[in-house]
Amino acid sequence: MSIGWDDLVGSALLGTERRRPAIVAGDADEAAAGLLDAAAAGVVRRRAGVRPGVARERPPLAAPDTRPALPEAARRRLGRLLADRTGGGSGNRRGSAPNLAELLPQWLAEAVRLGYGAPDELLPALLDAARARTDLRADAVALAGPRGLWLAGLNPDWKFVLRSGHRGLTAAPEDPEAVRKLWEEGLFAERVALLTRLRPADPAGALALLESTWSGERAEDRLMFLDSLRVGLSAADEPFLERALTDRSRNVRSTAAELLSALPDSALAGRMADRARSCVSLGPEGITVEAPYECDAAMERDGVAPKPPNGRGERAWWLGQLVDAAPLSAWPARFGGRGPAEIIALPVLDDWKPDLHAAWCRAAVRQHDTEWARALLGPPPAQASPVAAVGDPAKLLSILPEAERAAWVADFIATHGLSEAFQMLGVCAVPWTEALGRAVVDALDIARDAGSYPWSFSGVMGLAERCLDPGASEQVAVLSAAAEEPADGSPGAGAYWSEAFQRLTGTLRLRAVMLAELRGAVT
């Protein structure tokens, strides 16, 4: 006599005293032994009835990875970073130890830049880390290379790697047949990556590839493909972009208009210049503005959005779009041969200055015009007053040369402190220059002396951990000693500041060691 498997499981869960199968007899000990014997027999019966599995085809071999292996010290470091990738305290008080989870992105970026491949034994942990943190994915997938792509094909948990466009990034442009096949048959991410890779080296070839399938693409895909034309944008792209102005997708039309407006000699830029000049002129007392009274069909075709956002007037909204799409080279002749700095200095009548200057700021960023950006920014304000609410200083700074950008932000911080500098620091090249790093550390020291809590500067502290030159560690170390708290300061702030500076010091020193390991200087 046999008993069903479910009955055996139920008796094991409830106990033989409460539920004893009919084939089990004896006292409590004998019943328990009998239940186990019955379970063993049941297992044998279940296994005996299982048919042998059909052998599956062995997976193909991974493509070879010819990149150099990591130095041994760097390999060990990666293992420790991956093991502690979720480390770091929670809450405001993080302690004085470096946060290894925040050092992992920096390590990966530098390893990819140096051209290393990931160790085979660490690939699963690396892909798990990238699965958990999207900010790691690009560099983690690049470091994992072809073997990581092969592993991802065997584990559904890592399917994000297959959507990363890795094949598109590694496709050989010198093999046109393979490029065409990948473009026509590849995954969307692979096609985007392929177009992005081809565009800098062969703009015309990338455009021809896009045109060959354009009419059959989905609207959201057309938008992403169109965005890739920002690299290497030239007059040769104008006919295609003009046709895209009539696309059935509003977002595609808008992006095409934006790209055309970045070409100062395009027909669209000329049309926008004519419209903008008809609205803005120079009178005896300064610049006069007569904003449009309607948004006609021709304006809409050229990318002007007719409906303003909430709280914005229609005329100001239309004016801004006309001015920021007009080539900046059109304005000196309109204003008597004046240069950008002289034009910016002119008075603007009837309170139109914020709208006009903000539109010029957007135009400078779109057209990457450093002279106009420099004029709109001006020197850092000499007095400790808020930044003028005209345009976006961080975006204007982003198109200036790196050294000039860092010097401007350093001067700004020296006068205004850090309260308005976070976005500006974010566009400065890493590592920060010595002058910029010194300005940031000095401003943090001033904030500490003023008795502020370091939590108010946690964002800047985080940037400093990632962006300060490791050589600044000794300057920071001097500040890590607990200082006497001011009488009117926040209670306990001194201890928190000491911890924050200790953590920053430790992070900078660890970053220096990590870089040396990756460069083979530490064994």
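The values are calculated or read from the model by the stated rules, or taken from the named source; none is laboratory data. All of these numbers come straight from a predicted model, not from anything done at the bench. Reconstructed Cβ throughout: ideal geometry from the backbone, glycine too, with neighbour counts over all protein chains shown. Just the protein is used for accessible areas: all its heavy atoms, side chains included, with ligands, DNA and RNA removed. Shrake-Rupley method; radii C 1.70, N 1.55, O 1.52, S 1.80 Å.
Observations, loosely collected:
Conditions tested, residue by residue: (1) in a helix (DSSP H, G or I); (2) free of Cβ contacts under 8 Å to residues at least 24 places away in the same chain; (3) open to solvent by less than 60 Å² (accessible area, probe 1.4 Å).
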| residue | (1), (2), (3) |
| --- | --- |
| Arg46 | yes, no, no |
| Arg80 | yes, yes, no |
| Pro105 | yes, no, yes |
| Val112 | yes, no, yes |
| Leu123 | yes, no, yes |
| Leu126 | yes, no, yes |
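- Candidates in the stretch 23-44 are the residues that are farther than 16 Å from Ile3 by Cα and not in a loop (DSSP other than H, G, I, E, B); of these, the one that is least open to solvent (accessible area, probe 1.4 Å) is Ala28.
- Residue in the stretch 396-416 that is surrounded by fewer than 18 Cβ atoms within 10 Å (Cβ to Cβ), in contact (Cβ under 8 Å) with a residue 24 or more places away in the chain and basic (Lys, Arg) present: no
- Some residue of the stretch 397-417 being out of contact with any Asp or Glu (no Cβ under 9 Å at 6 or more places or on another chain), of a type in the set (Val, Ile, Thr) and not in a helix (DSSP H, G or I): no
- Pair list, Cβ under 6 Å, 6 or more apart: the stretch 456-478 residue within 20 Å of Pro105 (Cβ to Cβ), other residue of a type in the set (D, E, K, R) and open to solvent by 10 Å² or more (accessible area, probe 1.4 Å): Pro470/Arg511; Ser473/Arg509
- Restricting the stretch 334-374 to residues that are part of a loop (DSSP other than H, G, I, E, B), charged (D, E, K, R) and free of Cβ contacts under 8 Å to residues at least 40 places away in the same chain leaves a set whose member that is most open to solvent (accessible area, probe 1.4 Å) is Asp351.
- Some residue of the stretch 251-264 being touching a residue at least 24 places away in the same chain (Cβ under 8 Å), more than 30 Å from Gly337 (Cβ to Cβ), open to solvent by less than 50 Å² (accessible area, probe 1.4 Å) and polar (S, T, N, Q): yes
- Residues of the stretch 3-22 satisfying the condition of being of a type in the set (A, V, I, L, M), farther than 11 Å from Gly42 by Cβ and part of a loop (DSSP other than H, G, I, E, B): Ala22
- Subset of the stretch 282-303 (residues that are in contact (Cβ under 8 Å) with a residue 24 or more places away in the chain, in contact with a helix residue (DSSP H, G or I) (Cβ under 9 Å, 6 or more places away or on another chain) and open to solvent by less than 40 Å² (accessible area, probe 1.4 Å)): Ile287, Val289, Ala291, Pro292, Met299, Asp302, Gly303
- On inspection, Val304 does not qualify as among the β-branched types (Val, Ile, Thr) and more than 25 Å from Leu229 (Cβ to Cβ).
- Hey, Glu238 part of a helix (DSSP H, G or I), modelled with pLDDT under 95, closer than 18 Å to Ala326 by Cβ and open to solvent by 20 Å² or more (accessible area, probe 1.4 Å) or not: no
- Scanning the stretch 465-479 for residues that are more than 20 Å from Val430 (Cβ to Cβ) and in contact with a Lys or Arg (Cβ under 9 Å, 6 or more places away or on another chain), we see that the one that is modelled with the lowest pLDDT is Leu479.
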